[in-house]
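The values are calculated or read from the model by the stated rules, or taken from the named source; none is laboratory data. These numbers come from a predicted model, not from an experiment. Counting neighbours? That spans all protein chains shown, and the Cβs are built from the backbone with ideal geometry, glycine included. The accessibility values were calculated without ligands, DNA or RNA, using every heavy atom of the protein model including side chains. Shrake-Rupley method; radii C 1.70, N 1.55, O 1.52, S 1.80 Å.
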Amino acid sequence: MNKIPDNLLYAKTHEWVEIKNDQTARIGISDFAQHELGDLVFINLPEVGDPVTAGETFGDVESVKAVSDVISPVSGVVSAVNGEILDHPESINENPYESWFIEVKEISGKSDLMTAAEYEEFCGKEAH
């Protein structure tokens, strides 16, 4: 497994969150998640202006194996969507921590987020 970046927080549903200036969060899926899913072929994301709620689905990813929901680790309003990954979903497999899905502003209500060390331990237990 790739190194888990220390500057991000992680949800038990394998999304990562980068909190910027306490008001904005970028969200993506972890290396563990993309590895479990396999080759991604399609992504469905919300529109700018859509609300997202911590612990609820905001989109899905389709791999050659299955379709999986992507769960929001924070509540807020979508302020940006990464159009690059919509056109090139394989970039998530290549570099999951650079391939953010959405940016959320006016964040509130964070679900239980883990540090990189806690997440690494969590993934270790899930892999067995």
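Show me, for segment 43-59, the HN-Hα J-couplings you get by feeding each phi into the Karplus relation (A = 6.51, B = -1.76, C = 1.60, θ = phi - 60°), rounded to Hz, glycine and proline as x.
Coupling constants for segment 43-59: 9, 10, 10, x, 9, 4, x, 6, x, 10, 10, 3, x, 10, 5, 10, x Hz.
Student exercise: in the chain, how many lysine pairs 8 or more apart or on different chains have Cα atoms under 17 Å apart?
Working: Lys3/Lys125; Lys12/Lys110; Lys12/Lys125; Lys20/Lys105; Lys20/Lys110.
Lysine pairs, 8 or more places apart or on different chains, close enough: 5.
Counting just the Cα atoms, what span does segment 1-115 cover along each of its three principal axes? Round to the nearest Å and put the largest first.
Ordered largest first, segment 1-115 gives principal extents of 34, 29, 21 Å.
So what is the accessible area of segment 88-128 per residue, in Å², with the probe set to 1.4 Å?
Working: 2380 Å² over 41 residues.
Value for segment 88-128: 58 Å² per residue.
If you place +1 on the Cβ of every Lys and Arg, -1 on the Cβ of every Asp and Glu, and leave all else neutral, what size is the dipole of segment 2-128 about its Cα centre, to the nearest 20 Debye? Show your work: numbers first, answer last.
Working: 8 positive and 25 negative charges, 52 e Å.
Taking the Cα centre of segment 2-128 as origin, the dipole is about 240 debye.
Report ³J(HN,Hα) in whole Hz for each residue of segment 3-8, in order, from the Karplus equation J = 6.51 cos²θ - 1.76 cosθ + 1.60 where θ = phi - 60°; Gly and Pro get x.
Per residue, the Karplus-derived 3J(HN,Hα) values read 4, 8, x, 6, 7, 10 Hz.
Which percent of the accessible heavy-atom area of segment 1-57 goes to carbon and sulfur, probe 1.4 angstrom?
On the way: 1380 of 3070 Å².
Taking all protein chains in place, segment 1-57 shows 45 percent carbon and sulfur surface.
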